[in-house]
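Any read-out appearing in this document is the output of simple, stated calculations on the displayed coordinates, not a laboratory observation. Model, not experiment: these values are computed from the prediction. Ideal geometry is used to build each Cβ from the backbone, glycine not excepted, and the neighbour counts take in all protein chains shown.
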Amino acid sequence: MQSAVRNPDLSSRLAAAALEQAMTGQVVFDRELRVLVWNGWMVKTAGIAREAALGRRLDDIFPELQGSYLLSVLEQVVSQGRSFLLSSMLHKELFPLWLTLSGGRRELLRQQICALPLDQGEEGMFGMVQIVDVTQAARRESAMYEAEQRLRTLIDNMPDLVLFKDGEGRWVEANHAAQQIFDVSQGSYRGQTDQELASSNPAQAYILDLFRKTDLQAWESGQVVRADEILQAEDGRELVFDTIKAPIFHGDGSRRGLVIIGRDVTDRKQAERDLALAKQVFQHSTESIIVTDRHNCIISVNPAFVQTTGYTPEDVIGQKPSILRSGAHDSHFYAAMWATILNKGSWSGEIIDRRKDGSTYPKWLSISAVRGKDGEIENFIALFSDISERKAVEQRIRYLAEHDFLTGLPNRVLLTDRVSQAITFARRNRKRLAVMFLDLDRFKSINDTLGHNVGDDLLRVVTNRLLGQVRASDTVSRLGGDEFVLLLLEVEGEDSVAHLARNILGALVEPVRVGGHELNVSGSIGVAMYPEHGQDIDSLMKNADTAMYQAKAAGRNGYAFFSPEMDVAARSRHEVENALRHALLRKEFVLHYQPQADVADGQVVALEALLRWKRPGFGLVPPNDFIPVAEESGLIVPITEWILDEVCRQLRHWRDAGMVHVPVAINLSPVQFRREGLYEIAMEKVKEYGLQPGDIEFEITENVLMLNTDAVMRTLDRLRAAGFHLIIDDFGTGYSSLSYLKRFPVVKLKIDRSFVRDVSDDPDDAAIAGAIIGMARSLKLGVVAEGVEKSEQLDFLRQERCKSMQGYLLSRPLPPDELEAALRQGLRLVPEVPEPSGGGD
Amino acid sequence: MTTDWSELERDALAEAFNVGVGSAAAVLSGMVGAEVMLSVPELRVVDKAAALASFGLAPADRVCAVVQPYGGAFESRALLMFTEVKSYDLVRAVVPDHVAEMRMGDMAQDALIEVGNLVLNACLTAVGELLGCALTTRVPSLVKGEAAEVLEQMEGSEMMLLHMLFSIKDKDIDGYVGFLLDQQAMGALKQAVGNFLSAHL
C-alpha cells in the first residue's frame, strides 16, 4: 500500500486494474464521445473487445444510440458538466446491452446509469458512464410488488375486516372492508391513530373509541383477544363483528403491531336470536303446535299440545297426527284438507278431535307446509287451540247481547229482531199481531224506597207472572227499568188482546212478597196492533208506548189501545216538555204568593209561593198542566232551584223594604228527593241572600214520607236541623199515618182542601178535619187549613181551634207587587168580609 | 436577513424557471408516455428557518427529497421536496406498476431521483443562464426523513423556494424546489434579475 501511495504509476495501474475488474460497466469518453476507457464488464457484457471500442464514438459502437435521450444526456455531461442518473424504470432503451437467457433467448439488460463529468482542467472535459445491471433487482422488486399486490388483493377481497396497527396504535394497513366500515379512504388512514381518525370523522368517534378498548385488552394481556364488537354500517345499522385482535411483539418485548380481523356476524346473531325467540314462542305458546317431517310423522310438539290433548311427546313422536282423530269427519273431509295444504300451502278450519282420555273437543286448526329452498316440502306445522270454551263464551255473549241480564228476558235487540220477523210473517200470512207496552206504576218509588235489590226481585216476580199469561210463541221482553214489551203473535182481534191485558193486570195486582216487604203492584198497558196501528216496527213500538202513557194518565192499573187522538195528545205533551226546557232560560216562570193568617187574631203568619208559567201564546198555564210533565222529565229539579233562588231574592227584597217578616213556604216535589243536593242548595241560597233557614218552609206531600229511605230521612233531618220548617201538604189524602208523624221532623200539617170544603155541611168531613186538628194539637204540631173560602168554614176552624188558614177568604195568590200593595193596606183576616167562589192553590 | 426581493423581481425569476422547466416537462412526457406539465405558480425567497412554514410543513412531517449538489460559479445544493404521500403519488404516476401502497423499492426510487434530476437540472440551467455562468451538477441522491432533518442537512442560509406543480395524467402533484444560496450568491442572482429586467423593460 505504502509503496503504491509513493509510486503514482503503481497507483494508477492499480486503479486501472480495479476499473477493469469492476462489477459495473465503466466507460470514459471525451467531448466527442469517443471512448477512452472500456472496462472488462463492458467487454463481457457488450461483447465488444476493448481494442474494438477504444477511440470510437459511442453512437458508432452502439448505432442504436443515435438520436436517443441517452446520447443527449452524454453530450450534456461533457458540454455542460452536468451529472445524470438514468433508470430503466423510465427508459425502455438505454445501452443496447443484452442478457442471454437459457435456451438462447435474449433480454435487454435492465440498467441504472450514472453519467457524470470528469473535469480534467487544462486537459479538458471528459465524461464517465457507470452502468449497473439491475435486472435481478428489478425482477426481485417486480416479484415483490406482485406478491404484495396479490396479498393486497387477497385481503381486500376478504369479506372480513382486516386491520394492522403499529405498536403505537397507528393504522398501517386496512382492507376494503375495514375502510368501508370505519369510513376511511384509501391512503388517508396510514400513520393515523384512532383518535386522529376520529377527529377528522366525528361520526366514527364513538365506534373507534369502543373498538380501541379491546385493543388495549389485547396489548395488556399480550394474548389474542376475541370479542363481539358493535360497529355501524354506512346506513346507520348496528352490526356485530366477531373480532380477533392479536398483538405482535418485537424480540425485546416492545410492541410491534396489532393484527385485527373482524367478521360480520350480525345476521348470524340475529338468526340466533330469532331461533331462541322461536323456541320461546314454541314453548310458551298457548296454541298447541305439532311439527311433522315430510312424511307427516310427528317430530315435535309443544307443552300446550300436551296440555290440550293429554298426550305426552313420547306418546306421539313418530306417530301421525291422525291418532288425534275423533271420527267426527269422514275421509273426504281429510282428503279435501290435504289437497288444500298441498296446493295452497296451508289449510285452516274447525275440526273435532279426540283427547287421550277419549273426550272430544272442537278446535281451530291451521296446517302449513314448510318448503325448503329447493321448493320441496320439508315439514308440516299444525297449530290449534281448543275452542270449546270459546264456543261456549260465544254463545254466552250472544245470549247476553240479546237478553236482559236481570230477568233473562229478551232485550231490545232480540225483541226488535222478533218483531220485525213477526211483521214479515204477519204481512205474508195476513195475520194480526199486537205489541204491548207495560209499565209498572210507581216502580221508581219502590226502587228508591226499598232499594234496588227489592226492585230487582219485584221485576223477576213480574217477569214470571207475565210469562204465566202468554203463550210460548209470544215474546215477553224487558227494555230496561220497569218497561216490559210483549209481542203477541197471531192475535184474533182487540177483544182477545184486551182480555189478555186484563188478565195481566189481574195477575200483577196480587200482592208481592219480596225482601220481607209486601208490595202492591199495578201496571199500565198500552197496545198497538198490526196492521191497524202501525205497519212497521218503529210505529208499532212508538204507538204502544203512547197508548201506555194514556193508560197511566187515565189513572193507572189500566190498559189502552192506541188511537190517532192519543198521538196528538202525546205530541202536545212532548211540546210542553220542550217548551218547559226553554221556560227557565227565557224567564217565563213567575211566583205568586198566597198569604196564611192566624185564625185567632187574623194576622198574616206565612206566605206560600206558587209557581206560574207565562207560556207565550198560551197565557198563564195552570200548574196541573205542567207540573206532572216537569216531574216526569226531571225538569222539576232545576225549576225548584229557581224557585228557591227567587223566593230568597224576593224575601230579601221585602225585608230590605221593611215588610214581610213571616216565613215563605215552597212546595217540594218527591222527584226532588231522588236527587242529591237539595240541602246544600237550600243552605247556599239562604246564605247568599242573608236569610235564616227559619224564613223558609218546605211543603212536602205524604208520598215523600212514604219513600221512607235513608236518603230521604237524612235530607229531611238535615233540613230540619238547620232550622228549615217542614210542612206536610195535602194531609189526609194519602196513607196518613200517625207513626210517621212521630218519626219525621215536621212542624206543621196542612189539611187538604177536600176536607175543608164541606166541613160546614158534611159531618164526616167535619169529623176528619176536627180529628186532624186535634191530633196536630196533641202532637204539638202546627195546622193550616187550606181552601178556606167561606166564613162558615172559618167558624168551624175557630170552633175547632185550628191554628191558621189559607184561602180566598183571606186572599187569592197574588203577584209580588199586588201582595205588597195588599200588605201595605193592612191585609188581615176579616171574618165579616166573605169572598166566595174560586179556589186557592 | 433575507435579501429583499420585489414582487417584480420574483415574478421575473419565476417566469425564467417556468420557461426552464418547460423542456424538462417535454422530456418527462416522453419518458412517462403521457403529457406532463410543469409549472411554477409561485416563488419566494425565505430564511431557511422559515422555509418549512412556507412549504406548509410541520417539522416532523415525513418528506422525500431529491438532492442535487451543484458547482461552477458557486457551490450549493438544490432540492426537490415532496411530502411522503405526494412522492408516492408522483412515482405512481410515472411508474404505476411498481409502487405498492406505501412502499417504494430501489428501482422506483431511482425513477424518482431521475425525475428530480431532470427538473433540478432544468432549474439550474435557468439560473445559470440568468447569471451568465455554467453550473455543473453532481450525482443526485434521495433523502427521506422528517422535514426539519432533511433541511438541516442543507448548507446555506437563504432559500429560494419554488412551488412546483406536476400535472401528470389529470393528477396535480405539489412539489417544492429549493435552492440554498449564500447571501453572496443570492445577491448575484438578484443583480442578474435586475440586469435582465432593465435590459427588457
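Cross-linked pairs A:Lys269/A:Lys373; A:Lys44/B:Lys86; A:Lys748/A:Lys790; A:Lys444/A:Lys685; A:Lys614/A:Lys803: Cα-Cα separations exceed 31 Å for A:Lys44/B:Lys86; A:Lys614/A:Lys803.
Are there DSSP H segments in chain A that both extend 20 Å or more along their axis (alpha-carbon positions) and score a mean Kyte-Doolittle hydropathy of at least 0.0? List them, or say none.
Details: long enough: A:135-156 (30 Å, -0.97); A:202-221 (30 Å, -0.36); A:266-284 (26 Å, -1.14); A:388-402 (21 Å, -1.16); A:412-429 (25 Å, -0.21); A:452-467 (22 Å, 0.03); A:494-509 (22 Å, 0.64); A:537-553 (24 Å, -0.31); A:564-583 (28 Å, -0.93); A:636-656 (29 Å, -0.30); A:763-778 (22 Å, 0.61).
Span-like helices in chain A: A:452-467, A:494-509, A:763-778.
Between A:Val370 and A:Gln799, what length comes free when the chain is fully extended (0.36 nm per residue of separation minus the Cα-Cα distance, one decimal in nm)?
Values: separation 429, 0.36 × 429 = 154.44 nm, distance 10.80 nm.
Working it through step by step, the gained length comes to 143.6 nm.
Charge tally for A:Ala246 (other residues, Cβ to Cβ under 13 Å; Lys, Arg +1; Asp, Glu -1): +4. Segment A:601-648 and segment A:257-295 have Cα centres separated by 81 Å.
Between A:Thr193 and A:Leu779, what is 0.36 nm times their sequence separation minus the Cα-Cα distance? Round to one decimal in nm. It would help to have the intermediate numbers written out before the result.
Details: separation 586, 0.36 × 586 = 210.96 nm, distance 10.90 nm.
Stretched fully, the A:Thr193-A:Leu779 segment lengthens by 200.1 nm.
Taking the helices alone, chain A has a mean residue ellipticity at 222 nm of -13500 deg cm²/dmol, built from -39,500 (n - 2.57) per DSSP H run of at least 4 residues and averaged over all its residues.
The aspartates and glutamates within cross-link reach of A:Lys687, meaning a Cα-to-Cα straight distance under 20 Å and a gap of 8 or more places when in the same chain, are A:Glu641, A:Asp645, A:Glu646, A:Asp656, A:Glu676, A:Asp695, A:Glu697, A:Asp717. For the pair A:Arg355 and A:Val265 in one chain, pulling the backbone fully straight at 0.36 nm per residue adds 27.9 nm over the alpha carbon distance.
Amide H contacts for B:Met164 (H built 1.01 Å from N in the peptide plane; partners 5 or more residues away or on another chain; cut-off under 5 Å): B:Gly175, B:Tyr176, B:Val177. Just grab the label-to-label distance for A:Ser346 and A:Arg460, each label 7 Å out from Cα along the Cβ direction, in nm (one decimal). Reported label-point gap for A:Ser346 and A:Arg460 is 4.8 nm.
What FRET efficiency would be calculated for the residue pair A:Arg556, A:Glu494, taking the C-beta separation as r and a Förster radius of 22 Å, to the nearest 0.05?
On the way: r = 21 Å, r/R0 = 0.95.
Calculated transfer efficiency: 0.55.
Could you work out the local net charge near B:Pro41, counting Lys and Arg as +1, Asp and Glu as -1, over the other residues with Cβ closer than 15 Å to its Cβ? Residues close to B:Pro41 contribute a combined charge of -4.
Think of chain A as having a plus end and a minus end, set by charges on the Cβ of Lys, Arg, Asp and Glu; of A:Gly523, A:Trp41, A:Val73, A:Trp41 sits farthest toward the positive end of this dipole. For segment A:462-548, count all C-alpha to C-alpha pairs, find those more than 14 Å apart, and express that count as a whole percent of the total. That fraction is 67 percent.
Excluding A:Gly372 itself, what net charge comes from residues whose Cβ is under 13 Å from its Cβ, given Lys and Arg +1 and Asp and Glu -1?
On the way: positive: A:Arg294, A:Arg371, A:Lys373; negative: A:Asp293, A:Asp374, A:Glu376, A:Glu378.
Value of the local net charge: -1.
Cross-link partners for A:Lys391 among the lysines, with Cα-Cα distance under 20 Å and sequence neighbours closer than 8 places in the same chain left out: A:Lys363. In plain terms, the residue of B:Cys64, A:Cys114, A:Cys802, B:Cys133 with the fewest other Cβ atoms within 10 Å comes first and the most crowded comes last, giving B:Cys133, A:Cys114, B:Cys64, A:Cys802. Using the Karplus relation 6.51 cos²θ - 1.76 cosθ + 1.60 with θ = phi - 60°, the per-residue 3J(HN,Hα) values for segment A:748-758 come to 8, 10, 10, 6, 4, 4, 5, 7, 6, 3, 10 Hz, with x marking Gly and Pro.
Relative to the Cα centre, what is the charge dipole magnitude of chain A, using +1 at the beta carbon of each Lys and Arg, -1 at the beta carbon of each Asp and Glu, and rounding to the nearest 20 debye? Don't skip to the end; give the middle numbers.
Details: 97 positive and 119 negative charges, 380 e Å.
It comes to approximately 1820 debye.
A simple spin-label model places the labels of A:Lys391 and A:Glu122 13.5 nm from each other, with each point 7 Å out along Cα-to-Cβ.
Under the √(5λ) rule applied to the eigenvalues of the Cα gyration tensor, what semi-axes describe the equivalent ellipsoid of the protein assembly as shown? Give them in Å, descending. The three semi-axes for the protein assembly as shown are 129, 47, 25 Å.
Could you work out the longest stretch of chain A that avoids the trypsin sites (Lys or Arg not before Pro) located in DSSP loops with at most 12 other Cβ atoms within 10 Å? Don't jump to the answer; show the numbers that get you there.
Details: sites that count: A:Lys92, A:Arg105, A:Arg237, A:Lys373, A:Arg430, A:Arg471, A:Arg586, A:Lys587, A:Lys780.
By the stated rule (loop sites, at most 12 other Cβ atoms within 10 Å), A:588-779.
Positive end of the dipole of the protein assembly as shown (Cβ unit charges, origin at the Cα centre): among A:Val568, A:Ala665, A:Leu163, the Cα lying farthest that way belongs to A:Val568.
A compact globular protein would have a Cα radius of gyration near 2.2 N^0.38 Å; the ratio found for segment A:22-114 is 1.07. Start at zero, step by 5 Å, and the Cα-Cα distances of segment B:145-198 spread as 5, 16, 16, 19, 16, 13, 10, 5, 0 percent across the bins. Across segment A:160-172, rounded Karplus estimates of 3J(HN,Hα) from the backbone phi angles (6.51 cos²θ - 1.76 cosθ + 1.60, θ = phi - 60°) give 6, 7, 10, 9, 10, 10, 7, x, 9, x, 7, 6, 10 Hz, Gly and Pro being marked x. Sorted fewest first by neighbouring Cβ atoms within 10 angstrom, A:Tyr740, A:Tyr530 come out as A:Tyr740, A:Tyr530. Please report the spacing between the Cα centers of segment A:149-223 and segment A:740-770 in Å, no decimals. Taking the Cα centre of segment A:740-770 as reference, the centre of segment A:149-223 is 111 Å away. With a Förster radius of 30 Å applied to the C-beta separation of A:Arg430 and A:Ala401, the computed FRET efficiency comes to 0.35. Distance between the modelled labels on A:Ser754 and A:Ile381, one decimal in nanometres: 8.2 nm (7 Å Cα→Cβ projection). When the dipole is taken about the Cα centre of segment A:439-552, and only Lys, Arg (+1) and Asp, Glu (-1) are charged at their Cβ, what size is it in debye, to the nearest 20? With Lys and Arg at +1 and Asp and Glu at -1, about 380 debye.
The order of B:Tyr88, A:Tyr189, going from fewest to most other C-beta atoms within 10 Å of their C-beta, is A:Tyr189, B:Tyr88. Which of the lysines could a cross-linker span from A:Lys245 if the Cα-Cα distance has to be under 18 Å and same-chain partners fewer than 8 positions apart are dropped? Excluding near neighbours in sequence, the set is A:Lys165, A:Lys213.
Over the Cα atoms of segment B:7-200, the radius of gyration divided by the Kirkwood radius equals 0.95; this is the Rg/Rh ratio. Residues whose amide H lies under 5 Å from that of A:Leu108, counting only those 5 or more places away or on a different chain, are A:Leu99; hydrogens are built 1.01 Å from N in the peptide plane.
What FRET efficiency comes out for the pair A:Ser322/B:Ala34, r = Cβ-Cβ distance, R0 = 60 Å, nearest 0.05?
Details: r = 81 Å, r/R0 = 1.35.
It comes out at approximately 0.15.
Rounded to the nearest 500 deg cm²/dmol, what is the calculated helix-only ellipticity per residue at 222 nm for chain B, with -39500 (n - 2.57) per DSSP H run of length n ≥ 4? Write out the running numbers ahead of the final one.
Working: 6 runs with 95 residues, N = 201.
Per the formula, -15500 deg cm²/dmol.
When you restrict to C-alpha pairs under 8 Å that are six or more residues apart and normalise by the size of chain A, the relative contact order lands at 5 percent. Between segment A:571-598 and segment A:353-388, what's the alpha-carbon centroid distance in Å? First find each Cα centre; the distance between them is then 73 Å. Of the residues A:Leu489, A:Thr546, A:Leu508, the one whose Cα sits farthest toward the positive end of the charge dipole of segment A:484-557, with +1 on the Cβ of Lys and Arg and -1 on the Cβ of Asp and Glu, is A:Leu508.
On alpha-carbon atoms, Rg over Rh for segment A:545-666 using Kirkwood Rh? Rg/Rh for segment A:545-666 comes to 1.11.
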